[in-house]
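Undergrad: Take this structure, written in structure tokens, and hold onto it; I'll ask about it next.
Values quoted throughout were computed directly from the atomic coordinates according to the rules given, and no laboratory measurement underlies them. The structure presented is a predicted model; accordingly, all values stated were derived computationally and were not measured. Cβ placement follows ideal geometry from the backbone for every residue including glycine, while neighbour counts extend to all protein chains displayed.
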Amino acid sequence: MPWAPGWSVLFFLMLITLGLDSSFGGSEAIITALSDEFPLIKRNREIFIACLFSFYMLIGFGMCTNGGILIMEWLIVYGTTWGLLIAVFCEVMVVAYIYGIKQFVRDLKEMLGFEPGLYWKVCWMLLAPLFLLMMILSSFIHYQPLKYQDYAFSPLANTVGIFFALSAASAIPIVGIFKCFQAKGNTVAEKHHGMEYIAKRKSWNHGSFEDARAEPYSVLID
């Protein structure tokens, strides 16, 4: 190939920028969520960021060893399969059937200035949950112990991997049940009414699309 060294440099630069972009996006989600939830982390943001990226570095060191490809394969299979699919499925179901597709479309209209068409509503309410459920069930039904080329992972590695994969999704029901117990009210209906109150507040969408376009930082939630 002509200019092969140049293309190699561009290829690896692309990989580096792609990795940095993915890392920054995911890390910012972790930092922002935990900072909002725990004031101690918010007050010591720099220390927390240093600890988080030091943890990334330690994981990266493990992948630089002779067995690093096995660690990476284990993380790819068990870290991004079941947990991610279950989390996205729960997200779609909550938006479409608990928060309500009509309320969601109203919010999008407030932000975008127009209402999403029928295609998007069908996708959110039917197609996306159906395909995600099929993918989750298929991954469980056709599950096989992890192998990389001729190397078969031990039963312990597979068992830990399954628990690792499900731990990411387990936070959804655990936090949901915890919030239900925390909600005010004596019955399930009373607790649900208290939890859905924020979605019906007038101040939730008091700014129009035109206001946001004119002054993008002036439309805030009370």
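Undergrad: Apply 1/(1 + (r/R0)^6) to the Cβ-Cβ distance of Leu10 and Gln182, taking R0 = 41 Å, and write down the FRET efficiency to the nearest 0.05.
TA: With a Förster radius of 41 Å, E is 0.20.
Undergrad: Please list, in chain and number order, the residues 5+ apart from Tyr148 or on another chain whose amide H is under 5 Å from its amide H, with Hs placed from the backbone.
TA: It is Phe153, by chain and number.
Undergrad: Between Ala168 and Glu37, what length comes free when the chain is fully extended (0.36 nm per residue of separation minus the Cα-Cα distance, one decimal in nm)?
TA: Here the segment from Ala168 to Glu37 would lengthen by 45.4 nm.
Undergrad: Along each of the three principal axes of the Cα atoms of region 77-170, give the extent in whole Å, ordering the values from largest to smallest.
TA: Computed over region 77-170, the largest-to-smallest principal extents equal 55, 21, 20 Å.
Undergrad: Which distance in nm do the two modelled labels at Ala152 and Lys121 give, with both placed 7 Å along the Cα-to-Cβ direction?
TA: 5.3 nm
Undergrad: Can you work out the FRET efficiency for the pair His142 and Met63, with r the C-beta to C-beta distance and R0 = 25 Å, to the nearest 0.05?
TA: Working: r = 27 Å, r/R0 = 1.09.
Efficiency, rounded to the nearest 0.05: 0.35.
Undergrad: Need one number: nm distance between label points at Ala87 and Ala29, each 7 Å from Cα along Cα→Cβ, rounded to one decimal.
TA: Output for this residue pair reads 0.5 nm.
Undergrad: For region 17-89, just say rounded, prolate or oblate: build the C-alpha gyration tensor, square-root its eigenvalues into a ≥ b ≥ c, call rounded for a/c under 1.5, and beyond that prolate if a/b exceeds b/c, oblate if not.
TA: Since a/c reaches 1.5 but b/c is at least a/b, the shape of region 17-89 is classed as oblate.
Undergrad: Efficiency by 1/(1 + (r/R0)^6): what FRET value for Lys109 and Thr17, r their Cβ-Cβ distance, R0 = 30 Å, to the nearest 0.05?
TA: Step by step, r from the Cβ atoms, then E = 0.25.
Undergrad: Where in region 50-133 are there chymotrypsin sites (Phe, Trp or Tyr not before Pro) that are in a DSSP coil and have at most 13 other Cβ atoms within 10 angstrom of their Cβ?
TA: Phe114
Undergrad: In addition: Listing Cys64, Cys180 from the residue with the fewest other Cβ atoms within 10 Å to the one with the most, what is the order?
TA: Cys64, Cys180
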